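Enquirer: Okay, here's the structure, questions in a sec.
The values are calculated or read from the model by the stated rules, or taken from the named source; none is laboratory data. Treat the numbers as computed from the prediction; the structure is a model and nothing was measured. Cβ coordinates were reconstructed from backbone atoms using ideal geometry, including for glycine residues, and neighbour counts include every protein chain displayed.
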Amino acid sequence: MSNKFWRHVDWPSVLVYVALSVFGIMNIYSAEQAEGTSILSGSINAGQQLRWLAVSLVVAVLIMLVDARFFITFGYYLYALAMLALVVTLLTAPEIKGARSWLVLGGIKIGQTSEFAKFAAVLALAKFLDGYNIRLTQTKTKLVAAALVFLPAALVLLQNDTGTAIVFFSLALALYREGLPGFFIWLPALLGGVFIAVLLVGFVNFAIVLVLLIAVVWMLASLFKLERRLAWAASLALLVSIGFSYGVDYAFYQVLKPHQQTRINVLIGLEDDIKGAGYNVHQSLVTIGSGGFDGKGYLQGTQTRGSFVPEQTTDFIFCTVGEEFGLLGTGAVVILFCFLLVRIILVAEKQKSTFVRVYGYGLVSILFFHFFLNIAMTLGLFPVIGIPLPFFSYGGSSLLGFTILLFIFLKLDAGLKYYF
Amino acid sequence: MKDRFDNRFRNVVVIVTVLSAILLFRLFYIQLVAQQYKQFAEENTRSRKTVLPARGLIYDRNGKRLVTNETVYDLIAVLKQIEPFDTHKLAEILGLDTSFFSAMCQKLADEKRYYTPTVVLRELGNDVVARFQEQKFNFRGFSVKARIGRRFDAPVAAHLLGYLGEVDESDIASSDGYYELQHFIGKSGLEKQYETVLRGEKGYEYKVVDKFNREIGSYANGQFDIQAKAGTDLVSTIDLELQAYGELLMQNKIGAIVAIEPSTGEVLALVSSPSFDPSLLVGRKRSHNYPVIAADPNKPLYNRAITGAYPPGSTFKPIMALIALQEGTIVPTTTFSCHMGFTIPGLHVGCHDHPNNLDLVQSISQSCNAYYCHSFRNTIDHSKFANTEAGYRAWYDHLTRFGLGGLLHLDIPNESGGVLPTAEKFDNIYGKGRWRSSYIISLAIGQAEINLTPLQMANMMAVVANRGYYYDPHLVRSPMPQGLGLHHTAIDKRHFEPVIEGLAQVFLSGTARWYQLPDIAQCGKTGTAENPHGEDHSNFIAFAPRDNPKIAIAVVVENGGFGATWAAPIASLMIEKYLTGQVARAHAEKRILEKDFIHLPDTLTIPTPHEQ
Ligand SMILES: [Zn+2]
């Protein structure tokens, strides 16, 4: 590998990656209250994570040394391997915290296979869309693309890891860039809004409002002599909403389990049981909110010291940032992520190869979903679905998975430039 | 590379940046604008720990300790931390039945004290603590906590010292947040009256705690901590030796002794008998001993010295004499005839055998009833008053100035004011303006409707000893009592000498002549209070020395018969003890100590002086 190759590597992205990972380890160290223990010690999470970072960096270098065309050529094989791993995991994994996501072979925990399924799914999707005469306007293409996403999502869902399963659907964003109609983005957003509205005001009230709206539409139509077609369209949309809202009502009360109902209720403010289900979110908000502008100082967080927030080294690691580094710290993390994402988008757009562009957008989709939903969750803007903050949360599979995801892109970017 | 959808990259960038901006706005709001999260965090992590200061000690007037602090150990349980344990083993260590634990768990659960450390057993013995500590790893959820408890240095003065007990709901409610559950508070006596002095001021330490309320460290380097202020020691007016001697003399007798230093109002001894060892009602022993003591038919818990009310009988006569002198009804040389009593048509008050036509001094030393019936009648029926009622009101007013008819506001709780019938009361009985002195003549000799507490009797004697005034009787010298009242009677000073001469003659030639002291001029008055329920009560009031009196005393022995028989020698022995520091009259002392009114029939056959 010549110096020319290394010059082509997108170093700002690498720097942001290293900065976030190191800052993450610092926060894990604080969150587990390991003062007095060396951060190098393998007996604490931070020390473990440091080892994982080292492993990740080695893997990153290895990825850089592999021929970029390897990932293009073997995209489907890697996908098949990942799906196989998911199935094996599903069949053999022990239950840990309600989920069966850990692949254990010969008594050794190998890792959470879902983390590796992410980059495999992105690779397969890129490979598929890079194919000759493939257009997302074709129904067949949509179905195949959907199948590539749904398969890992379904397998992860069967592992009882809802949060990670949802993440696969984020790939809709990458597909949108490649021509998937816009309503695949806004329709879920609209339905999500209706969902929350129904839960807030109840199905009957919501339906009454919609029926009244239909009446208003027809009144306006006759008053202002609008096109009947428009009124019919509006009525149809509203009727569909009523149907959907009934479905929501039914699903919420008949299908969801009580604890899931509670989680959603707490999120949208229908339940305010601080000591009960809302406790985690409340303590998370208190922890971040009490950090103020510049935080309480590293290792000085009273909420963190007191272990008030559960899962604080993993899903709620952002709380430590908020408490000990304040808005300066949280703002920096959000801006760094945002910078990294936009940077990857811009780099992806510059690609001559559709494969690399689709891969880049796939990376953005997954990274963005994790970043946004994780932080939104700690800020009480989204239900607690239990997905890690990339590069930050404690967990070797997660760090290694995101590293591979990112560095394959960096390799594709730098490598293909080098080759072509 | 250009393609059909390359304009869509802007939309993706917008989605990413707008949603990131939403996160930033949300962070801005909760970290900078909203204040409630900072408050929640404060409350979450700050635990205010109450620091209770050492309680003030109680000393007697000579600096001898009456009540001390000592470290005691309580057994604490945290319900949710209890793990299965060997109940037989722990029950054996604690000396309990295993049923204790199920009852304990039930009680804690009922009170919803799942995580709150709660005292489940008070004042473990030192050996119990040692054995528990050796094996405490077997009993998770249980611990032993040190606390400052009270120790009584001498087994005396139970009634006046009082005791501590756990606060109840009303204590907490009325303390404006001072007391918390399981705190201790003075429940009676000086401990109750001087609670705020003795307890000091509690302090606070702020600790950083985790969500299990475990302390992690001090909060803000302790800069918000408030130091506890130690309680103030009390120096009582009580003379421990005199008090102990009084209790000794009163053993196996029912009654009371109150001794007062006339010049100051300081109470030197406040004995109520039967009494009990105050340490019997402390800690774990309390629950066992209290029912036993409370069930005693002789009511040891009842403080007869300030709550018991007895007809004063003839001890009332010195004051009757003073009022008659002041109202000009008699002069010292006035004599009244007595033929075994006072007789007017339709009324006879008996008297005893004594020479006829006694003057004032002799009327006191011989305790002539007729003399006082005459002088009482002449006083309230005097022509200078519009009617009997006006005369009675004047008489009543004199008595109130001796501290009768109401509370003396002694500085311990549960004082009684005795009974002094008002004119209104007779109006109600006989009709307005329809009663005469003859209807109420028994009052002249301290009988019928009148009842005085032993404290009032002693104070009445102190007034005479002071020749006309008294300070509010009180039990504490330090801290200095505030607003101590000085009360003057409406009796001219010149009238006291003849009465005091009569009181001196009681010892020299009168009803208490058996109890003279060689170097001390004692003045006193016997009294026998008619008791409709049994044997008469034996009363005696006295002061000594005659000049510059140091002690005024009242003694009541229930069912003791003549005042001269038991009350008088007890008073005289107390005077000797206090003024000389010892008792030389071993025979008299022995006779008193051996007398048992509670357990044995009266078998003593000693000559008893006669009276009424
Ligand atoms: Zn007579």
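Enquirer: Criterion first (surrounded by fewer than 20 Cβ atoms within 10 Å (Cβ to Cβ) and in contact (Cβ under 8 Å) with a residue 60 or more places away in the chain) does residue B:17 satisfy it?
Expert: Working: surrounded by fewer than 20 Cβ atoms within 10 Å (Cβ to Cβ): yes; in contact (Cβ under 8 Å) with a residue 60 or more places away in the chain: no.
No; evaluated as a whole, the condition is false for this residue.
Residues checked against (1) near the ligand (Cβ under 9 Å from one of its atoms); (2) farther than 21 Å from residue B:542 by Cα; (3) at pLDDT below 90:
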residue	(1), (2), (3)
B:311	no, no, no
B:314	no, no, no
B:321	no, no, no
B:326	no, yes, no
B:331	no, yes, no
B:335	no, yes, no
B:344	no, yes, yes
B:348	no, yes, yes
B:353	yes, yes, yes
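Enquirer: Continuing with the same structure: Are any residues in the range A:167-209 modelled with pLDDT of 85 or more and under 19 Å from residue A:251 (Cβ atoms), and if so, which ones?
Expert: Passing the criteria: only A:169.
This table checks each residue for (1) among the polar types (S, T, N, Q); (2) surrounded by fewer than 16 Cβ atoms within 10 Å (Cβ to Cβ); (3) more than 15 Å from residue B:312 (Cα to Cα).
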residue	(1), (2), (3)
B:509	yes, yes, yes
B:519	no, yes, yes
B:528	yes, no, no
B:534	no, yes, yes
B:545	no, no, yes
B:554	no, no, no
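Enquirer: Does residue B:379 count as more than 14 Å from chain A (Cβ to nearest Cβ), buried (at least 18 other Cβ atoms within 10 Å of the Cβ), away from the ligand (no atom under 14 Å from the Cβ) and of a type in the set (Ser, Thr, Tyr)? If you could, list the steps in order and put the result at the bottom.
Expert: Numbers: more than 14 Å from chain A (Cβ to nearest Cβ): yes; buried (at least 18 other Cβ atoms within 10 Å of the Cβ): yes; away from the ligand (no atom under 14 Å from the Cβ): yes; of a type in the set (Ser, Thr, Tyr): yes.
For residue B:379, the condition - more than 14 Å from chain A (Cβ to nearest Cβ), buried (at least 18 other Cβ atoms within 10 Å of the Cβ), away from the ligand (no atom under 14 Å from the Cβ) and of a type in the set (Ser, Thr, Tyr) - is met.
Enquirer: Which number in (1) surrounded by fewer than 16 Cβ atoms within 10 Å (Cβ to Cβ); (2) within 14 Å of chain A (Cβ to nearest Cβ); (3) more than 30 Å from residue A:295 (Cα to Cα) marks the one condition that residue B:33 misses?
Expert: Every listed condition holds for residue B:33 apart from (3).
Enquirer: Moving to a separate point now. What residue, of B:539, B:559, is touching a Gly at 6+ places or on another chain (Cβ under 9 Å) and either outside the structural domain of residue B:362 (by TED's automatic domain parsing) or at positive phi (or both)? Walk me through how you get there before you give the answer.
Expert: Values: B:539 fails: either outside the structural domain of residue B:362 (by TED's automatic domain parsing) or at positive phi (or both).
Step by step, each of B:539, B:559 is checked, and only B:559 is touching a Gly at 6+ places or on another chain (Cβ under 9 Å) and either outside the structural domain of residue B:362 (by TED's automatic domain parsing) or at positive phi (or both).
Enquirer: When the range A:292-331 is examined, which residues are found to be more than 7 Å from chain B (Cβ to nearest Cβ) and more than 23 Å from residue A:370 (Cβ to Cβ)? Explain how you work it out, then say what you get.
Expert: Filtering the range A:292-331 for residues more than 7 Å from chain B (Cβ to nearest Cβ) gives A:294-301, A:304, A:309-321, A:323-325, A:328-329.
Those that are more than 7 Å from chain B (Cβ to nearest Cβ) and more than 23 Å from residue A:370 (Cβ to Cβ): A:294, A:295, A:296, A:297, A:298, A:299, A:300, A:301.
Enquirer: Quick check on the range B:355-364: of everything there that is closer than 18 Å to residue B:313 by Cα and within 12 Å of the ligand (Cβ to nearest atom), which residue is farthest from the other protein chains (Cβ to nearest Cβ)?
Expert: Looking at the filtered set, the residue picked out is B:362.
Enquirer: In the range B:83-99, is there at least one residue being in a helix (DSSP H, G or I) and within 14 Å of another protein chain (Cβ to nearest Cβ)?
Expert: Initially, the range B:83-99 is screened for residues in a helix (DSSP H, G or I), giving B:87-94, B:99.
So of that shortlist, the ones also within 14 Å of another protein chain (Cβ to nearest Cβ) come out as none.
No, that holds for no residue.
Enquirer: So, one more: Condition first: basic (Lys, Arg) and in contact with a strand residue (DSSP E or B) (Cβ under 6 Å, 6 or more places away or on another chain). Now tell me which residues in the range B:80-125 satisfy that. Outline the logic, then answer.
Expert: Restricting attention to the range B:80-125, the residues satisfying the condition of being basic (Lys, Arg) are B:80, B:89, B:107, B:112-113, B:122.
Of everything in the range B:80-125, just one residue is basic (Lys, Arg) and in contact with a strand residue (DSSP E or B) (Cβ under 6 Å, 6 or more places away or on another chain), namely B:122.
Enquirer: Keeping to the range B:138-176, report how many residues are basic (Lys, Arg) and assigned to a loop (DSSP other than H, G, I, E, B).
Expert: 1
Enquirer: Considering each of B:412, B:429 in turn, give the residue that is of a type in the set (Val, Ile, Thr), surrounded by fewer than 17 Cβ atoms within 10 Å (Cβ to Cβ) and more than 23 Å from residue B:326 (Cα to Cα).
Expert: One residue alone meets the criteria, B:429.
Enquirer: Further question on the same structure: Quick check on residue A:189: is it within 14 Å of chain B (Cβ to nearest Cβ) and either not polar (S, T, N, Q) or not in a loop (DSSP other than H, G, I, E, B) (or both)? Let's see the steps before the verdict.
Expert: Details: within 14 Å of chain B (Cβ to nearest Cβ): yes; either not polar (S, T, N, Q) or not in a loop (DSSP other than H, G, I, E, B) (or both): yes.
Against the criterion (within 14 Å of chain B (Cβ to nearest Cβ) and either not polar (S, T, N, Q) or not in a loop (DSSP other than H, G, I, E, B) (or both)), residue A:189 qualifies.
Enquirer: Among the candidates B:491, B:541, single out the residue that is over 25 Å from residue B:305 (Cβ atoms) and either out of contact with any Asp or Glu (no Cβ under 9 Å at 6 or more places or on another chain) or free of Cβ contacts under 8 Å to residues at least 12 places away in the same chain (or both). Full working, then the answer.
Expert: Numbers: B:541 fails: over 25 Å from residue B:305 (Cβ atoms).
Testing whether each residue is over 25 Å from residue B:305 (Cβ atoms) and either out of contact with any Asp or Glu (no Cβ under 9 Å at 6 or more places or on another chain) or free of Cβ contacts under 8 Å to residues at least 12 places away in the same chain (or both) leaves just B:491.
Enquirer: Examine the range B:37-52 for a residue that is closer than 30 Å to residue B:224 by Cα, without any contact (Cβ under 8 Å) to a residue 12 or more places away in the chain and basic (Lys, Arg), and state whether such a residue exists. Write out each step before concluding.
Expert: The first filter runs over the range B:37-52 and keeps only residues closer than 30 Å to residue B:224 by Cα, leaving B:37-52.
Still in the running and without any contact (Cβ under 8 Å) to a residue 12 or more places away in the chain: B:37-43.
Restricting the remaining residues to those that are basic (Lys, Arg) gives B:38.
There is at least one residue in the range B:37-52 that is closer than 30 Å to residue B:224 by Cα, without any contact (Cβ under 8 Å) to a residue 12 or more places away in the chain and basic (Lys, Arg).
Enquirer: Of the numbered conditions (1) within 10 Å of another protein chain (Cβ to nearest Cβ); (2) over 45 Å from the mean Cα position of the chain (by Cα), residue B:14 fails exactly one; give the number of that condition.
Expert: Result: residue B:14 passes all but (1).
Enquirer: Would the range B:41-48 turn up any residue that is surrounded by 14 or more Cβ atoms within 10 Å (Cβ to Cβ), within 7 Å of chain A (Cβ to nearest Cβ) and among the polar types (S, T, N, Q)?
Expert: Within the range B:41-48, one or more residues are surrounded by 14 or more Cβ atoms within 10 Å (Cβ to Cβ), within 7 Å of chain A (Cβ to nearest Cβ) and among the polar types (S, T, N, Q).
Enquirer: Kindly evaluate residue B:269 against the criterion of being touching an Asp or Glu at 6+ places or on another chain (Cβ under 9 Å), outside any loop (DSSP other than H, G, I, E, B), crowded, with 16+ Cβ neighbours inside 10 Å and among the aliphatic types (A, V, I, L, M). Outline the logic, then answer.
Expert: Details: touching an Asp or Glu at 6+ places or on another chain (Cβ under 9 Å): yes; outside any loop (DSSP other than H, G, I, E, B): yes; crowded, with 16+ Cβ neighbours inside 10 Å: yes; among the aliphatic types (A, V, I, L, M): yes.
It is true that residue B:269 is touching an Asp or Glu at 6+ places or on another chain (Cβ under 9 Å), outside any loop (DSSP other than H, G, I, E, B), crowded, with 16+ Cβ neighbours inside 10 Å and among the aliphatic types (A, V, I, L, M).
Enquirer: Please enumerate the residues belonging to the range B:441-459 that are farther than 18 Å from residue B:557 by Cα and surrounded by 24 or more Cβ atoms within 10 Å (Cβ to Cβ).
Expert: Taking the range B:441-459 as the starting set, the residues that turn out to be farther than 18 Å from residue B:557 by Cα are B:441-445, B:448-449.
Result: B:443, B:444, B:445.
Enquirer: Could you give every pair whose Cβ atoms fall below 9 Å, whose first residue belongs to the range A:58-87 and is in a helix (DSSP H, G or I), and whose second residue is loosely packed, with under 14 Cβ neighbours inside 10 Å, counting only separations of at least 6 or pairs across chains?
Expert: Close Cβ pairs satisfying both conditions: A:64/A:1; A:64/A:6; A:65/A:1; A:69/A:419; A:73/A:67.
Enquirer: Under 26 Å from residue A:55 (Cβ atoms) and surrounded by fewer than 24 Cβ atoms within 10 Å (Cβ to Cβ): which single residue out of A:415, A:396, A:360, A:401 fits that description?
Expert: Working: A:415 fails: surrounded by fewer than 24 Cβ atoms within 10 Å (Cβ to Cβ); A:360 fails: surrounded by fewer than 24 Cβ atoms within 10 Å (Cβ to Cβ); A:401 fails: surrounded by fewer than 24 Cβ atoms within 10 Å (Cβ to Cβ).
One residue alone meets the criteria, A:396.
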